[in-house]
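Worksheet: the structure to be examined is printed underneath.
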Amino acid sequence: MKNFEYIIGQEAVREHLQHSLALNKISQAYMLSGEDGMGKKQMAEAFAKALLCEEREDGGDESCGNCHSCKQVESHNHPDLIYVTHNKPQLISVDEIREQVVGDVQIRPYQSKYKVYIIDEAELMNEQAQNALLKTIEEPPEYAVILLLTTNEQMMLQTVRSRCIKLSMVPLSDDQIVKALTQREHIPPVRAQKILPFARGNLGRAKELALSEEFEEKRTMYIRILSQLPGSSVYQWTDDIEKLAEDKKELASGFDLMEDWYRDVLLYKAGALREQLIYQDAFSKVAQGAGTYSFRQLQKNFEALCVAREQLKRQVRPQLILENLFTELRRTKE
Ligand SMILES: [Zn+2]
């Protein structure tokens, strides 16, 4: 974990937080929203580290990185930095919020001026949990700073949202991604360029793709499947479905690849040029898809992918998700 200076891009969010530090005007609840891989946690930790740093002078907007407190934050061992945890994968319960935040916040900080709470995946709090948290956000002790990180701001109660300073992470530029991959991860420039369209400004995804040995192989497999799906029978995909269903985590990024594919098909159908496509190397197959699918069916494909993602989150059996998805994707007209 590093400081603000280490963060690539996200200038608006960074400046807001550093400005608050410099002016010593710290709000007590922040909501950082953005996709997984956009660096929400890194940003929250840089902020927490600066808040808790022992060497930071009044008006300083960055942690020193060397003091005892900074070291504790880096090793995830700071008693005044609390990461809210949850037992069920898809739920942060009211009991967990009560125990780890509402009750805990009454205890004064052990060694710092602040006590910082990071609630990652805050959208997993159900309504009860959010309402319990709301009371704390409404009347927090002056030392409390609560950082809500979320991929889906819409899942947060309006009452909670309105009490938070809202900050949004944004996609990085291609140059920023390439720089991060080549200079920090020592990934060869050719490889960095190749994964670039699939990263869509998301550095976390970019790193994952660039470091994945299987990415090329996987991509080739998806091109084969997606180009042959229209008009086929769902039974001929049994083996592929079996294979894809093996790894749930891989499946989520597979859905990204599929979405990119239909995006290309749709763009090409609407008159885009080859240079504007992500799958430029499979251009003829994209063009073929554009000739086969109706606009309406492409829309349905995107919807089906959306449903599949939701089902994956809700722990539906991967085989079943894929069977349903393929059933929709093989249709060419509504
Ligand atoms: Zn420090």
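Relative to the longest principal axis of the Cα atoms of the chain, helix 283-292 runs at roughly 70 degrees. Cα centroid separation, region 253-272 to region 185-245: 13 Å.
Under the classification rounded if a/c is under 1.5, otherwise prolate if a/b is larger than b/c and oblate if not, where does region 212-329 fall, given a ≥ b ≥ c as square roots of the Cα gyration tensor eigenvalues? Mind showing how you got there, number by number?
Values: a/c = 1.70, a/b = 1.42, b/c = 1.19.
Cα axes put region 212-329 in the prolate bin.
Cα centroid separation, region 47-66 to region 297-319: 44 Å. A straight Cα-to-Cα reach below 24 Å connects K166 with the lysines K2, K25, K40, K41, K49, K113, K115, K135, residues fewer than 8 places away in its own chain not being considered.
Mean-square fluctuations from a GNM of the chain, with a 10 angstrom spring cutoff on Cα atoms, peak among I195, I118, I107 at I107. Mean-square fluctuations from a GNM of the chain, with a 10 angstrom spring cutoff on Cα atoms, peak among E123, E74, E214 at E214. Full extension of the segment from Q183 to K243, taken as 0.36 nm per residue of separation minus the current Cα-Cα distance, would add 18.1 nm. Each stretch of four or more DSSP H residues adds -39500 (n - 2.57); spread over every residue of the chain, this sum gives -15000 deg cm²/dmol at 222 nm.
Give the calculated FRET efficiency between N131 and V316 to the nearest 0.05, with a Förster radius of 22 Å applied to their Cβ-Cβ distance.
Numbers: r = 28 Å, r/R0 = 1.29.
With a Förster radius of 22 Å, E is 0.20.
Between N324 and R274, the simple label model (points 7 Å from Cα in the Cβ direction) yields a spacing of 3.9 nm.
Label separation (F295 vs M155): 3.3 nm, computed from points 7 Å beyond Cα along the C-beta direction. Over what distance in Å are the Cα centres of region 1-18 and region 93-132 separated? Distance between centres, Cα-based: 24 Å.
For S168 and Y6, what does the FRET efficiency come to when R0 = 22 Å and r is the distance between their Cβ atoms, rounded to the nearest 0.05? FRET efficiency, S168 to Y6: 0.65. Using only the alpha-carbon atoms, how far is helix 189-199 inclined from the longest principal axis of the chain? Give it as 0 to 90 degrees, nearest 10. Tilt of helix 189-199: around 90 degrees. The residue list W237, S75, L32 was ranked by how far each Cα lies along the charge dipole of the chain toward its positive end, using unit charges on Cβ atoms, and W237 comes out on top.
Can you give the angle from 0 to 90° between the axis of helix 11-23 and the longest principal axis of the chain, with both taken from C-alpha atoms, to the nearest 10? Taking Cα atoms only, the helix is inclined about 0 degrees. With each label modelled as a point 7 angstrom along the Cα→C-beta vector, the K71-T332 pair spans 6.8 nm. Taking 18 Å as the straight-line reach from the Cα of K300, the aspartates and glutamates in range (excluding those fewer than 8 positions away in the same chain) are D256, E259, D260, D264, E310, E323, E328, E334.
Please identify every one of the chymotrypsin sites (Phe, Trp or Tyr not before Pro) in region 102-164 that sits in a loop by DSSP and has no more than 14 other beta carbons within 10 Å of its own beta carbon. Please list the in-between numbers first.
Details: sites: Y110, Y114, Y117, Y143; in loops: Y110, Y114, Y143.
Listed in order of number, the matching sites are Y110.
Computed from the coordinates by the stated procedures, all read-outs in this text should not be read as laboratory data. Here the structure is a predicted model, which means the values were calculated and not measured. Glycine gets a Cβ as well: all are built from the backbone with ideal geometry, and neighbour counts include every protein chain shown.
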